Amino acid sequence: MLRVMLIDDERLARQSMRRALSALPDVEIVAEADGVHAAVELIAKESPHALFLDVQMPRADGFELLRRIEKQPKVVFVTAHSEHAVRAFDVDAIDYLLKPVRDSRLQTAVARLRTACGLDGGDDQPYRATDRICLRTPGHTLIAGLHRVAALEADGDFTRVFVGGEAPILICQSLGAYERMLPAPPFLRVDRSLILNTATVIRTVRQSRDEEQVWVDGVPEPFILGRAAQTRLRGAIGG
């Protein structure tokens, strides 16, 4: 059971979110608060897995709440203002929902929360092809549509993410974790070290029986595939 708490100064907004969450299986709303002061006490008392948290509230905002609590639950921001998205992911938000919240986006956010809280058995794929992904490093945060993510390459326990038109970003997360999160198709793990977005493949050049160059949109250098990886890619895109 995913235990969540609603924090929003608008009663109608809480009512709408309560109704939408109540329609989802295995979600329990353990508390509600209309401001930061009340929320701090309720979080300590109820220990929810996650917060559905408004950004702009009287006297103190959602970011101030996170500074006041010692042990932070997982957070999904729910707001009418898109300009706080980068800051939200800088404080490790699981998702960022814009009001009015569509049912499909709420379901995606809840799936991501289940994964982050270890409640999904590792079988769900929290992202859909139309979603955006947050790529965060100590000095840089990039939020990009999944359609722009061309490839992901293992680098030890890290993953190098290739986004069209951007420099590669090294993320402290394993390639296997991304394989579980990303929608397939279009994402395909072609070998132990590489996931390709098959929708971004623009050209393949076979160098030999055991080597093929694959060019993807927005990445200047090709990826090199071995024989087994070539077979997997052709099975996904044809040819």
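Computed from the coordinates by the stated procedures, all read-outs in this text should not be read as laboratory data. The shown structure was predicted, so the numbers you read here are calculated from the model rather than taken from an experiment. Because the Cβ atoms are built from the backbone with ideal geometry, glycine has one as well, and the counts that use them run over all protein chains shown.
Calculate how steeply helix 227-237 sits against the longest principal axis of the alpha-carbon atoms of the chain, using the helix alpha-carbon long axis, and give the answer as 0 to 90 degrees to the nearest 10.
60 degrees
Under the 0.36 nm per residue contour assumption, what length would be gained going from the current alpha-carbon distance of Asp131 and Asp92 to full extension? It would help to have the intermediate numbers written out before the result.
Working: separation 39, 0.36 × 39 = 14.04 nm, distance 1.74 nm.
Result: 12.3 nm gained on full extension.
Select from Val78, Val30, Val110 the residue whose mean-square fluctuation is largest in a Gaussian network model of the chain (Cα-Cα springs shorter than 10 Å).
Result for the chain, Cα springs under 10 Å: Val30 fluctuates most.
Between beta-carbons, use under 9 Å as the cut-off and find the net charge around Lys74, counting Lys and Arg +1, Asp and Glu -1. Show your work: numbers first, answer last.
Numbers: positive: Arg112; negative: Asp92.
The answer is 0.
How much length is gained on full extension from Gln72 to Arg209, taking 0.36 nm per residue of separation minus their Cα-Cα distance?
Values: separation 137, 0.36 × 137 = 49.32 nm, distance 5.26 nm.
Result for the pair: 44.1 nm of gain on full extension.
State the dimensionless ratio Rg/Rh of the range 2-116 (Rg: radius of gyration of Cα atoms; Rh: Kirkwood radius). Before the final figure, lay out each step's value.
On the way: Rg = 12.5 Å, Rh = 13.8 Å.
My calculation of the ratio gives 0.91.
Can you give me the three principal axis dimensions of the range 127-195 from its C-alpha atoms, in Å, biggest first?
On the principal axes, the range 127-195 reaches 30, 28, 18 Å in Cα extent.
Along its three principal axes, how long is the range 93-232 when you only count alpha carbons? Whole Å, largest extent first please.
Result for the range 93-232: principal-axis Cα extents of 52, 30, 27 Å.
Using only Cα atoms and rounding to the nearest 10 degrees, what angle (0 to 90) does helix 36-46 make with the longest principal axis of the chain?
80 degrees
Quick check: net charge around Val219, other residues with Cβ under 15 Å of its Cβ, Lys/Arg +1 and Asp/Glu -1?
Details: positive: Arg148, Arg160, Arg203; negative: Glu153, Glu166, Asp217, Glu221.
Value of the local net charge: -1.
Please state the charge dipole magnitude for the chain, taken about the Cα centre, from unit charges on C-beta atoms (+1 on K and R, -1 on D and E), reported in debye and rounded to the nearest 20.
On the way: 31 positive and 33 negative charges, 101 e Å.
That gives the chain a dipole magnitude of about 480 debye.
Among Leu42, Leu146, which comes first, then next, by fewest other beta-carbon atoms within 10 Å? Each step should come with its number before you reach the end.
Numbers: Leu42 16, Leu146 19.
Exposure proxy ranking, most exposed first: Leu42, Leu146.
With n ≥ 4 as the cut-off for DSSP H runs, can you work out [θ] at 222 nm for the chain, using -39500 (n - 2.57) per run divided by the number of residues, rounded to the nearest 500?
Values: 7 runs with 68 residues, N = 239.
Taken over the chain, the calculation gives -8500 deg cm²/dmol.
Enumerate the lysines that Lys99 could reach by cross-link, defined here as Cα to Cα under 24 Å, with residues fewer than 8 away along the same chain left out.
Output for Lys99: Lys74.
For a Förster distance of 41 Å, can you work out the FRET efficiency between the beta-carbons of Ala228 and Ser22, rounded to the nearest 0.05? Each step should come with its number before you reach the end.
Working: r = 47 Å, r/R0 = 1.16.
E between Ala228 and Ser22, to the nearest 0.05, is 0.30.
What shape does the chain have by the C-alpha gyration tensor, where a ≥ b ≥ c are the square roots of the eigenvalues, rounded means a/c under 1.5, and otherwise prolate means a/b greater than b/c and oblate the rest? If you can, show how the numbers build up before the last one.
Values: a/c = 2.62, a/b = 2.29, b/c = 1.14.
Verdict is prolate for the chain.
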